[in-house]
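Notes follow the structure.
No lab work stands behind these numbers, since they all come straight from the coordinates. None of the values given here were measured: they were computed from a predicted structure. Every residue, glycine among them, receives a Cβ derived from its backbone with ideal geometry; neighbour counts consider all protein chains shown.
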Amino acid sequence: MEKGSRFGREQQEAVWQTTEVDALYKLKRAGVRVPQPYGCYEGVLLMELITDCEGDEAPRLGDVALTPERSRADHGVMMRYVTRTLYAGLVHGDLSEFNVLVDEKGPVIIDLPQVIDASANNNAARFFTRDVTNITAYYALYAPELTTTRYDGEIRSRFEAGELEPESELTGVYHERTGLADVDALLDELEAVEIEELGRLERAAEADAAR
């Protein structure tokens, strides 16, 4: 793989295919709308074709004009999907209007070869924030009020606290803690504990001497 040989490229493609298939099955079970995978055959990943109401290939989100109402509704659906994805332990890693198809039922997430393990990857939080920010920015083109939401911080903080559920009620409100620690107060507290401990030891020594 490092040398970029033909064999290396083939092995890399196999890894990507396996990763994507595993992610598709996992997200299907989690209740996220993704294409139904059918497996890999002779190096080709086969999956469901997402179509529009006329049977043609469904357009990408970036090619669809939305009303403000549809934008707000579909954005809410996508926030539910990213919540379920994170709850399943994954982060899409490249979510945008180019990796979402739209059929008559709503958005369908595609392109998952770069999916990230939410717990094992040190960059998972950064990629999650980027995913939510990207997709929100697109829907906000039609519903500008979405720019004030902070679903990324809300969902991520609940996940990190072990409080996230697939159907968690979301508000889009998140206040990031930016205050610095009160170092002086902490040092005063440590000093008080130390003085108390020294006093306890002195009293114990005096009691032993009295015996």
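A few notes on this one:
- Dipole of segment 6-160 [Lys/Arg +1, Asp/Glu -1 at C-beta], most positive-end residue of TYR151, VAL44, LEU66: TYR151
- Here the Kirkwood formula, the inverse mean of 1/r across different C-alpha pairs, assigns segment 33-154 a hydrodynamic radius of 15.1 Å.
- Inter-label distance for GLU163 and ASP63, nm, one decimal - labels placed 7 Å from Cα along Cα-to-Cβ: 4.3 nm
- Most to least packed among 115-124, 79-88, 42-51, 131-140 [average Cβ atoms within 10 Å]: 79-88, 131-140, 115-124, 42-51
- Placing a label point 7 Å from the Cα of CYS40 along the Cα-to-Cβ direction, no residue of segment 74-97 has a backbone N closer than 16 Å.
- For the pair ALA73 and PHE98, the difference between a 0.36 nm per residue extended length and the Cα-Cα distance amounts to 7.1 nm.
- Spin-label model distance (nm) - ASN123 vs VAL173, 7 Å beyond Cα toward Cβ: 3.5 nm
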